[in-house]
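The structure appears below as C-alpha cells.
The values are calculated or read from the model by the stated rules, or taken from the named source; none is laboratory data. Remember, it's a predicted structure, so these values are computed and weren't measured experimentally. Neighbour counts are summed over all protein chains in view; Cβ atoms, including those assigned to glycine, are modelled from backbone coordinates with ideal geometry. Areas reflect the complete protein model, heavy atoms only, side chains present, ligands, DNA and RNA absent. Shrake-Rupley method; radii C 1.70, N 1.55, O 1.52, S 1.80 Å.
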Amino acid sequence: MDLDRPPPRSRGIYLLPNLFTTCGLFAGFYAIIAAANSQFTAAAIAVFVAGLADGIDGRVARLTGTSSAFGVQYDSLADLVSFGLAPALVMYHWSLSALKFDGSVMGRVGWAVAFLYAACAALRLARFNTQVGVVDKRWFVGLASPAAAGLMMAFVWAFADGGLGWSGEELRYVALGVTLCAGLLMVSQIRYWSFKGSGEGGARADRVPFAVLLVVPVAIAVLVIDLPRVLLAVGLLYALSGPVTGLWLRWRGPSTPA
C-alpha cells in the first residue's frame with residue numbers, strides 16, 4: 001500500500017444547504033412559469049421566496065460547518081435563475097412586452113432591456129464570486145442581485161394586484177426605467193451596506209449594533225400594513241441609499257473616512 005498517496009476525495013455533497021438552494025432555484029423557475037401564464041402576483045412572491053431561501057442556505061452552511069466549493073457554485077447558478085432570468089422575464093411579460101404597441105423598435109427595446117438586466121445580474125454574480133475574501137464584507141460593490149430582484153418584483157407586485165389602479169401596460173415606460181436602473185446599479189462601483197455585521201474576524205464577525213435589532217419589530221409591524229407597497233418603498237430607499245451616500249461622502253471631501 002502506497003502511504004504517500006493522498007486519500008480519495010469524497011464525491012458526496014452536503015444535503016441541507018443545497019436543499020435550500022434547490023428550493024430557491026425552484027421558486028425562481030416557478031416565477032418564470034407563473035409570469036408566462038399571467039400570474040404576476042404569484043411570480044413576484046415566488047422571487048421573494050427565492051430570496052429567503054438564498055439567505056438561509058449560506059447561513060445554514062456556516063452554522064453546520066457544511067460549506068463547500070460545490071455549494072458556492074451551485075448557489076451562484078441558482079441565483080442567476082432566481083435573481084437574473086426570473087425578474088427579467090416577469091417584468092417583460094407584465095409590462096415591457098407592451099412596448100410593442102409603440103412600434104417595432106420599442107418592442108425590441110423592451111426585450112433588449114430585459115436581457116440587459118439578466119446580463120448585468122450574471123456579471124454581478126461573477127464579480128462577487130471573484131471578490132470573496134478581498135472586499136470589506138460590510139459593503140457590497142454594486143447593488144446585490146437579490147436586492148435588485150426585490151426592487152423589480154416589489155414594483156410588479158405593488159401594481160399587479162390592482163391595489164394602485166395602474167396596469168403594466170400603462171406603466172411600461174416606468175418599468176423600462178426601473179429595469180434599466182436596477183441592472184446598471186448591479187454592475188456599478190457604488191457601495192451598499194451588506195447588513196453583515198462589523199467586518200471583524202472571529203466571533204464578532206456577524207455582530208451588529210443593538211439598535212439594528214430594535215428596528216426589526218418595527219419593520220415587521222410596518223410590513224403587515226401593506227406588504228407589496230412597503231416592500232417597494234424599502235427597495236427604492238435601499239437602491240437610492242448607495243448613490244446618495246456616495247454623493248454625500250464626495251461632498252464632505254477626502255477627510256471623511258470611507
(request) Would you mind telling me which numbered condition in (1) of a type in the set (A, V, I, L, M, F, W, C); (2) part of a helix (DSSP H, G or I); (3) open to solvent by 40 Å² or more (accessible area, probe 1.4 Å) Ala148 fails? (result) (3)
(request) Kindly provide the set of residues from the stretch 75-89 that are open to solvent by 50 Å² or more (accessible area, probe 1.4 Å) and closer than 17 Å to Leu123 by Cβ, ordered by number. (result) Leu77, Leu80, Leu85
(request) Give me a count of the residues in the stretch 13-50 that are under 26 Å from Glu169 (Cβ atoms), surrounded by fewer than 22 Cβ atoms within 10 Å (Cβ to Cβ) and either of a type in the set (Val, Ile, Thr) or touching a Leu at 6+ places or on another chain (Cβ under 6 Å) (or both). (result) 4
(request) Output the residues belonging to the stretch 102-127 that are more than 25 Å from the chain's Cα centre (by Cα) and part of a helix (DSSP H, G or I). (result) Asp102, Ser104, Val105, Met106, Gly107, Arg108
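What number of residues in the stretch 104-116 are open to solvent by less than 30 Å² (accessible area, probe 1.4 Å) and more than 14 Å from Ala182 (Cα to Cα)?
From the stretch 104-116, those open to solvent by less than 30 Å² (accessible area, probe 1.4 Å) are 107, 110, 113-114; that's our starting set.
Retained after the next criterion (residues that are more than 14 Å from Ala182 (Cα to Cα)): 107, 110.
Result for the stretch 104-116: 2.
Quick one: would you say Val72 is in contact with a Cys (Cβ under 9 Å, 6 or more places away or on another chain), open to solvent by 70 Å² or more (accessible area, probe 1.4 Å) and at negative phi?
On the way: in contact with a Cys (Cβ under 9 Å, 6 or more places away or on another chain): no; open to solvent by 70 Å² or more (accessible area, probe 1.4 Å): yes; at negative phi: yes.
It is false that Val72 is in contact with a Cys (Cβ under 9 Å, 6 or more places away or on another chain), open to solvent by 70 Å² or more (accessible area, probe 1.4 Å) and at negative phi.
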(request) Determine which single condition Gln189 fails, assuming it passes every other condition in (1) modelled with pLDDT of 65 or more; (2) assigned to a helix (DSSP H, G or I). (result) (2)
(message) Tell me the residue from Val156, Val60, Val109 that is closer than 18 Å to Thr21 by Cβ, in contact (Cβ under 8 Å) with a residue 12 or more places away in the chain and in contact with a helix residue (DSSP H, G or I) (Cβ under 9 Å, 6 or more places away or on another chain), please.
(response) Val60
(message) Only one of Leu184, Leu232 is open to solvent by 40 Å² or more (accessible area, probe 1.4 Å), at pLDDT 90 or above and under 21 Å from the mean Cα position of the chain (by Cα). Can you tell me which?
(response) Leu184
(message) Quick check on this structure: which one of Leu180, Leu164, Leu176 is part of a loop (DSSP other than H, G, I, E, B), in contact (Cβ under 8 Å) with a residue 60 or more places away in the chain and not charged (D, E, K, R)?
(response) Leu164
(message) Quick check on Leu63: is it more than 23 Å from Ala31 (Cβ to Cβ), of a type in the set (A, V, I, L, M, F, W, C) and out of contact with any Gly (no Cβ under 8 Å at 6 or more places or on another chain)?
(response) yes
